[in-house]
Amino acid sequence: MILRPVCAAALVLASTMAAGAATRCGWLANPTPGNWFFTDRDGDWTLGTQGGPHARGLDTLPDLTVRDWIVTNSGSYGYGCACLSLDAGPGRTVRAIAAFQQRPLSDCRRDRALPNRE
(Lines give C-alpha, C1' and ligand atoms only; values in the text may rest on other atoms or scores of the structure.)
Protein backbone atom coordinates (compact mmCIF):
# COMPACT_ATOMS: atom_id res chain seq x y z
CA MET A 1 0.00 0.00 0.00
CA ILE A 2 1.38 3.40 -0.98
CA LEU A 3 0.50 6.35 1.23
CA ARG A 4 0.69 9.90 0.04
CA PRO A 5 2.95 12.09 2.22
CA VAL A 6 0.01 14.06 3.67
CA CYS A 7 -1.87 10.88 4.54
CA ALA A 8 1.20 9.30 6.09
CA ALA A 9 1.86 12.40 8.21
CA ALA A 10 -1.77 12.45 9.36
CA LEU A 11 -1.59 8.80 10.37
CA VAL A 12 1.60 9.35 12.35
CA LEU A 13 0.11 12.39 14.07
CA ALA A 14 -3.14 10.56 14.84
CA SER A 15 -1.34 7.52 16.21
CA THR A 16 0.90 9.60 18.49
CA MET A 17 -2.10 11.51 19.84
CA ALA A 18 -4.55 8.67 20.27
CA ALA A 19 -4.11 8.39 24.02
CA GLY A 20 -4.14 12.13 24.83
CA ALA A 21 -6.48 13.59 22.23
CA ALA A 22 -9.78 15.09 23.27
CA THR A 23 -12.57 16.44 21.09
CA ARG A 24 -13.69 19.93 22.01
CA CYS A 25 -16.25 22.19 20.36
CA GLY A 26 -16.42 25.95 20.49
CA TRP A 27 -15.36 29.21 18.90
CA LEU A 28 -12.30 29.20 16.65
CA ALA A 29 -10.76 32.64 16.13
CA ASN A 30 -8.09 33.96 13.77
CA PRO A 31 -8.24 37.68 14.66
CA THR A 32 -4.94 38.71 13.05
CA PRO A 33 -2.15 37.08 11.01
CA GLY A 34 -0.60 34.09 12.74
CA ASN A 35 -2.85 34.27 15.81
CA TRP A 36 -5.26 31.39 16.42
CA PHE A 37 -7.35 30.86 19.53
CA PHE A 38 -10.09 28.44 20.56
CA THR A 39 -12.73 28.94 23.26
CA ASP A 40 -14.77 26.05 24.60
CA ARG A 41 -16.76 25.41 27.76
CA ASP A 42 -13.51 25.09 29.73
CA GLY A 43 -12.00 28.40 28.62
CA ASP A 44 -9.53 29.80 26.12
CA TRP A 45 -6.88 27.76 24.32
CA THR A 46 -3.91 29.03 22.31
CA LEU A 47 -3.39 27.27 18.98
CA GLY A 48 -0.68 29.61 17.73
CA THR A 49 0.68 33.13 18.02
CA GLN A 50 2.39 35.32 15.46
CA GLY A 51 6.12 34.68 15.65
CA GLY A 52 5.54 31.97 18.25
CA PRO A 53 4.82 28.26 18.22
CA HIS A 54 1.82 26.80 16.38
CA ALA A 55 0.02 23.53 17.05
CA ARG A 56 0.96 20.74 14.67
CA GLY A 57 -1.86 20.37 12.17
CA LEU A 58 -2.93 24.03 12.30
CA ASP A 59 -1.58 24.54 8.80
CA THR A 60 -3.89 21.81 7.47
CA LEU A 61 -7.13 23.61 8.34
CA PRO A 62 -9.29 24.25 5.28
CA ASP A 63 -10.39 27.69 4.11
CA LEU A 64 -12.82 28.61 6.88
CA THR A 65 -14.11 31.73 5.16
CA VAL A 66 -16.17 29.80 2.63
CA ARG A 67 -19.14 29.44 4.98
CA ASP A 68 -20.18 30.24 8.55
CA TRP A 69 -17.32 32.66 9.20
CA ILE A 70 -17.69 36.13 10.71
CA VAL A 71 -15.11 38.63 9.48
CA THR A 72 -14.02 41.01 12.26
CA ASN A 73 -10.83 42.44 10.82
CA SER A 74 -9.51 43.38 7.40
CA GLY A 75 -9.25 40.57 4.90
CA SER A 76 -10.60 37.28 6.17
CA TYR A 77 -9.69 37.48 9.85
CA GLY A 78 -12.49 36.60 12.23
CA TYR A 79 -14.13 33.62 13.91
CA GLY A 80 -16.33 30.59 13.40
CA CYS A 81 -17.58 27.48 15.16
CA ALA A 82 -15.64 24.22 15.12
CA CYS A 83 -14.93 20.91 16.77
CA LEU A 84 -11.28 19.98 17.20
CA SER A 85 -9.63 16.79 18.30
CA LEU A 86 -6.58 18.17 20.05
CA ASP A 87 -3.64 17.31 22.23
CA ALA A 88 -3.38 19.96 24.95
CA GLY A 89 -0.25 21.15 26.66
CA PRO A 90 0.37 23.19 29.79
CA GLY A 91 -1.30 26.56 30.22
CA ARG A 92 -4.11 25.73 27.78
CA THR A 93 -1.77 25.57 24.82
CA VAL A 94 -2.48 23.09 22.07
CA ARG A 95 0.39 20.90 20.90
CA ALA A 96 -1.43 19.27 17.98
CA ILE A 97 -4.74 19.13 16.12
CA ALA A 98 -5.63 15.62 14.96
CA ALA A 99 -9.04 16.33 13.44
CA PHE A 100 -11.12 19.35 12.57
CA GLN A 101 -14.74 19.94 11.63
CA GLN A 102 -16.22 23.35 10.95
CA ARG A 103 -19.70 23.64 12.43
CA PRO A 104 -22.56 26.03 11.70
CA LEU A 105 -22.41 29.23 13.74
CA SER A 106 -25.80 28.32 15.18
CA ASP A 107 -24.24 25.32 17.00
CA CYS A 108 -22.00 27.58 19.07
CA ARG A 109 -24.66 30.25 19.49
CA ARG A 110 -27.05 27.68 21.00
CA ASP A 111 -24.44 26.23 23.40
CA ARG A 112 -25.07 28.02 26.71
CA ALA A 113 -21.70 26.88 28.05
CA LEU A 114 -19.93 29.04 25.46
CA PRO A 115 -19.51 32.81 25.68
CA ASN A 116 -21.72 34.87 23.40
CA ARG A 117 -19.65 36.18 20.48
CA GLU A 118 -22.16 38.79 19.30
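The values are calculated or read from the model by the stated rules, or taken from the named source; none is laboratory data. Since the structure is predicted, the reported quantities are computational estimates derived from the model, not experimental observations. Cβ sites come from the backbone with ideal geometry, for glycine too, and all protein chains shown count toward neighbours.
State whether the residues of region 33-42 include one that is at negative phi, of a type in the set (Val, Ile, Thr) and free of Cβ contacts under 8 Å to residues at least 60 places away in the same chain. No: zero hits. Looking at Ala29, Ala96, Ala82, just one residue is at pLDDT 95 or above, outside any loop (DSSP other than H, G, I, E, B) and more than 23 Å from Asn116 (Cα to Cα), and that residue is Ala96.
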